[in-house]
Amino acid sequence: EGGIGMDAATVQKMLAQSAELDPEAVEVEDISGGCGSSFRVRVVSRKFEGMRLLQRQRMVYDALGSTMDSIHAIEMQCVTPQ
């Protein structure tokens with residue numbers, strides 16, 4: 001992708017369609033001023049139950065795959081349903 005950023009809709013779609021995450025909710029906000037290099041992500045999934053924070057974040061990274069190459073920074077909130 002040659003340094004071209006992603007858009008929030010693409011990131012959201014990738015996470016929402018991840019079979020491994022099987023999320024109940026996904027929220028993605030571009031916090032880079034529109035250039036698509038930094039995102040704030042909130043993922044709600046039952047798959048996170050019993051996992052440490054690092055394990056939850058790794059699942060999100062894995063769901064984004066090579067897309068992470070074009071993302072400079074990502075803030076994650078990985079939670080289970082209330």
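The values are calculated or read from the model by the stated rules, or taken from the named source; none is laboratory data. These numbers come from a predicted model, not from an experiment. Glycine also receives a Cβ, built like all others from the backbone with ideal geometry; neighbour counts cover every protein chain displayed. Surface areas here come from the heavy atoms of the whole protein model, side chains and all, with no ligands, DNA or RNA. Shrake-Rupley method; radii C 1.70, N 1.55, O 1.52, S 1.80 Å.
Below are the figures for this structure:
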| quantity | calculated |
| --- | --- |
| Among (1) over 14 Å from S18 (Cα atoms); (2) in contact with a Cys (Cβ under 7 Å, 6 or more places away or on another chain) - the single one S70 does not satisfy | (2) |
| Identity of the residue in the stretch 9-39, more than 15 Å from A73 (Cβ to Cβ) and assigned to a strand (DSSP E or B), that ends up least open to solvent (accessible area, probe 1.4 Å) | V26 |
| Hits in the stretch 52-82 - residues which are of a type outside the set (D, E, K, R) and part of a strand (DSSP E or B) | A73, I74, M76, Q77, C78, V79 |
| Some residue of the stretch 40-51 being without any contact (Cβ under 8 Å) to a residue 24 or more places away in the chain, loosely packed, with under 14 Cβ neighbours inside 10 Å and assigned to a loop (DSSP other than H, G, I, E, B) | yes |
